[in-house]
Amino acid sequence: MADAHKRAEKIAEREQQVPKVHRANYREAVSGRSRRAAIKAFCLECVCWQKEEVRLCTALACPLYPYRPYQSGSKQVDNRTGLGAGLKKSGPGASE
């Protein structure tokens, strides 16, 4: 039971570092009820909670790479060398 209490403390500490907009997803992820939420939280934390950086991820050897959230509809690999390099929006909603 001590391990469960220690884990709950660590989760509460980390949750305070998570941006408020992502806390609900983080809570779902650490509950163990959603693999999708866990992958999303892991990827977001990896890139400092920036959705666009998850989409532009260059960690091709990461085991979660093919499952990362926020991929474009075509799911094509982005071959740019720097995160966000030369970002240009196109298609519906590009003027947003």
Problem set entry | Rel. contact order, % - alpha carbon contacts under 8 angstrom, at least six apart, the range 22-77 | 26 percent
For this session: Please report, in debye to the nearest 20, how large the charge dipole of the range 2-67 is about its Cα centre when each Lys and Arg carries +1 at its beta carbon and each Asp and Glu carries -1 there.
Result: 240 debye
For this session: List Val47, Val54 from most exposed to least, where exposure is judged by having the fewest other Cβ atoms within 10 Å.
Result: Val47, Val54
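Here, each number is a calculation from the coordinates, and none is a lab measurement. Since we're looking at a predicted model, the values are computed, not measured. For neighbour counting, all protein chains shown are included, and Cβ atoms are generated from backbone atoms with ideal geometry for every residue, glycine included.
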